[in-house]
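See structure below.
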């Protein structure tokens, strides 16, 4: 039995190296590349909610922002479900201190209006209740 273990380990290592190639430690292997999915998909909505929560938390603006238009929503499968979201967001009339965010209306005063075109990538592991913002890139409109 003791002589069998080294042979078994060598066999397992050989199979592992030849079957899927060598993958760097900590990198995610793409199982399925980004594909378009409906914006109404529950995990897209969850990823969008999380991205906006993180955007508003990091923003120095005293008002919250919200999504006004979803331009693209895609999903990629790795060791998580990655969501690529391309959106337009606008400053709302709600101040961050109010805690309200969902029912806020967009600023109507032209002097207070502020809009961005943003790209977010959110990694989701719904089986662990984990969300991580991998990318946030916004340009003024």
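Things to note:
- Estimated inter-spin distance, residue 134 and residue 68, nm [label 7 Å along Cα→Cβ]: 2.9
- Here the gap between residue 77 and residue 30, fully extended at 0.36 nm per residue and compared with their Cα-Cα distance, gives a gain of 16.3 nm.
- Residue 113-residue 43 FRET efficiency (beta carbon distance; Förster radius 25 Å; 0.05 resolution): 0.20
- Zero-based 5 Å bins, Cα pair distances in the stretch 29-140, whole percents: 2, 12, 23, 23, 18, 12, 6, 3, 1, 0
- Span from the the stretch 107-141 Cα centroid across to the the stretch 34-84 one, whole angstrom: 6
- Cα convex hull of the stretch 63-129 - mean projected area over all directions, nm²: 5.6
A short reminder: the numbers here are calculations on the coordinates, not readings from a lab. Predicted model, so just to flag it, every value in this text is computed and none were measured. Using ideal geometry, Cβ is built from the backbone for each residue, glycine included, and neighbour counts are taken over all protein chains shown.
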